[in-house]
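The values are calculated or read from the model by the stated rules, or taken from the named source; none is laboratory data. Predicted model only: the values in this text are computed from it and were never measured. Backbone-built Cβ (ideal geometry, glycine too); neighbour counts: all protein chains shown. Ligands, DNA and RNA are excluded from the accessible area calculation, which covers all protein heavy atoms including side chains. Shrake-Rupley method; radii C 1.70, N 1.55, O 1.52, S 1.80 Å.
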Amino acid sequence: MDTDSLLALDRQYAWHPFTPIREWLDPDFSPEPPVLVSGLGAVLRDSRGNEYIDGNSSIWTNLHGHNHPRLNAAITAQLERFAHVSFLGATHPLAIELARELVALWPAGGLARVFYSDDGSTAIESALRMARQFHQFRGQPERRAFVAFDGAYHGDTLGAAGLGGIPTFHDAMKQGGEPLEVVRVADVEQVFALAPARANTVAAAVIEPLIQGAAGMRLWPAGTLRRLREWCNANGVLLIADEVMTGFGRTGTMFACEQEGVAPDFLCLAKGLTAGYLPLAATLTTERVFEAFRGEPGERRAFYYGHSYTANALGCAVALENLKIFRDENVLENLGSKIARMAELLRERIAQLRPVVEVRQCGFIAGVELHGDPAGRLIGRDVCHVARQHGLLTRPIGDVIVLMPPYCITDLQLESAVEAIRAGIVEVTEA
Ligand SMILES: *Cc1c(COP(=O)(O)O)cnc(C)c1O
């Protein structure tokens, strides 16, 4: 089918997330969305034969590139056995092995149990429910609230979105009442300032460690995570680390929490868990939390939560191969020099441009914040449109341009990605 027919059918039948419908449905709206048909490494190709560097790793998921031979092979090997079986009342080797490997990435005695679900939102949803029930089982049912930050983004189920602190995404959903009892704070100082009576109603504090993603790649002041852990310890509050974006090397270490020496009570993983291949998520927690759910048959202590595709075998297969690639190919060591190169390129070619407010970087994640347009023009969107003509596919967050390519990106590709952003900024702001 040709591109025009495909796009016409898309406009007729599909509904895209986070997408204003009016523009999407307008066939004259420029530029037309790419119809992506194949990928190799850090490059994606569309139905018109254009090639793009995958500048945001297909919305923060991809790690080692598209069409990776080892990842492909891991899926096909499992496919010869089965694609999916229930994890209710049964188990399978790959889910067992993956659970052991995820736990082994943490110091012994900390995170000890793995609960599988499907995506970042359900990984968070699981942690929220576990945290509340933990306190309930231990005789503190009044601990129902969650500490969450301004600018937070933890996903889109009603529970996860209830934690959200981004007005554009979350305000409409909260019309008519908050879905979750949230103690909203701007920073960790405000957490320490909470009255003891308020702190005693909190089940858990939830944070994106080191960097808030959807808020526009905003970095936390150093020590924020460590201090939050201290406050949680002092107040009997559980700590939920949302590493859906930051997990699996994105910040330069396997997990962002490592950089502040923090072990959370819950660790939520998704996006990079399968190297961006399949929807699979994991909520890791401690033996202490797990034990609270142990009870007599009549006590109804089980965690009554789960999804049809929990512990999907193809997802587990590719997640295990992802971890093997980290080990066999020294991914984290090699990433170090790419992170440094990215910083250098951004400093030399982007930071001094007049329309740039700030360049932020955390590991292999960069956000280039531009001055907003007083007349309300969507600068970020326009810059990404031009960058696409220069061979880079990425999505802005408001006036922030995101660059977080797959780790397999070559130095030359990284340079052209930064050049495409530079061209976008120059063309849009001087036009
Ligand atoms: C993407 C993201 C989520 C939600 O994950 P989904 O897989 O989209 O449900 C949650 N938290 C953070 C930090 C994210 O970046």
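Quick look at the values:
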read-out: Which listed residue, of A112, A172, is open to solvent by 50 Å² or more (accessible area, probe 1.4 Å) and more than 16 Å from the ligand (Cβ to nearest atom); value: A172
read-out: Qualifying positions in the stretch 61-104 - touching a strand residue (DSSP E or B) at 6+ places or on another chain (Cβ under 9 Å), farther than 16 Å from C316 by Cα and open to solvent by 60 Å² or more (accessible area, probe 1.4 Å); value: N67
read-out: Residue count, the stretch 214-250 (criterion: touching a helix residue (DSSP H, G or I) at 6+ places or on another chain (Cβ under 9 Å) and within 11 Å of the ligand (Cβ to nearest atom)); value: 10
read-out: First in the stretch 219-239 and over 18 Å from T286 (Cα atoms), second anywhere and acidic (D, E) and part of a loop (DSSP other than H, G, I, E, B), Cβ under 8 Å, 6 or more apart; value: P221/D187; T224/D187
read-out: Failed condition for E51, given (1) open to solvent by less than 60 Å² (accessible area, probe 1.4 Å); (2) in contact with a strand residue (DSSP E or B) (Cβ under 6 Å, 6 or more places away or on another chain); value: (1)
read-out: Criterion: surrounded by fewer than 16 Cβ atoms within 10 Å (Cβ to Cβ) and within 16 Å of the ligand (Cβ to nearest atom) - qualifying residue of L128, L158; value: L158
read-out: Residues being of a type in the set (A, V, I, L, M) and open to solvent by 20 Å² or more (accessible area, probe 1.4 Å) - total across the stretch 352-385; value: 5
read-out: All positions within the stretch 23-51 that are assigned to a helix (DSSP H, G or I), out of contact with any helix residue (DSSP H, G or I) (no Cβ under 6 Å at 6 or more places or on another chain) and touching a residue at least 12 places away in the same chain (Cβ under 8 Å); value: W24
read-out: Of all residues in the stretch 215-248 being surrounded by fewer than 18 Cβ atoms within 10 Å (Cβ to Cβ) and part of a loop (DSSP other than H, G, I, E, B), the one that is farthest from the chain's Cα centre (by Cα); value: G236
read-out: Where S58 falls short, out of the listed (1) open to solvent by less than 30 Å² (accessible area, probe 1.4 Å); (2) within 16 Å of the ligand (Cβ to nearest atom); (3) of a type outside the set (V, I, T); (4) out of contact with any helix residue (DSSP H, G or I) (no Cβ under 7 Å at 6 or more places or on another chain); value: (1)
read-out: Check on D150, within 16 Å of the ligand (Cβ to nearest atom), assigned by TED's automatic domain parsing to the domain that holds E291, within 29 Å of A292 (Cβ to Cβ) and acidic (D, E); value: no
read-out: All strands (runs of 3 or more DSSP E) inside the stretch 319-431 with 2 or more residues being of a type in the set (S, T, N, Q), within 23 Å of T61 (Cα to Cα) and free of Cβ contacts under 8 Å to residues at least 12 places away in the same chain; value: none
read-out: Test: residue in the stretch 330-338 that is within 30 Å of R132 (Cβ to Cβ) and either of a type in the set (D, E) or not assigned by TED's automatic domain parsing to the domain that holds I425 (or both); value: no
read-out: Search result, residues across the stretch 283-311 that are within 14 Å of the ligand (Cβ to nearest atom) and either without any contact (Cβ under 8 Å) to a residue 12 or more places away in the chain or surrounded by 24 or more Cβ atoms within 10 Å (Cβ to Cβ) (or both); value: T283
read-out: Tabulated pairs, the stretch 248-271, first more than 18 Å from E329 (Cα to Cα) and among the charged types (D, E, K, R), second open to solvent by 10 Å² or more (accessible area, probe 1.4 Å) and within 12 Å of the ligand (Cβ to nearest atom), C-beta under 6 angstrom, 6+ apart or interchain; value: K271/W60; K271/T61; K271/V244
read-out: Subset of the stretch 184-213 that is assigned to a loop (DSSP other than H, G, I, E, B) and either among the hydroxyl-bearing types (S, T, Y) or within 16 Å of the ligand (Cβ to nearest atom) (or both) - its residue that is farthest from A241 (Cα to Cα); value: T201
read-out: Residue in the stretch 75-92 that is under 25 Å from the mean Cα position of the chain (by Cα), part of a helix (DSSP H, G or I) and touching a residue at least 40 places away in the same chain (Cβ under 8 Å) present; value: yes
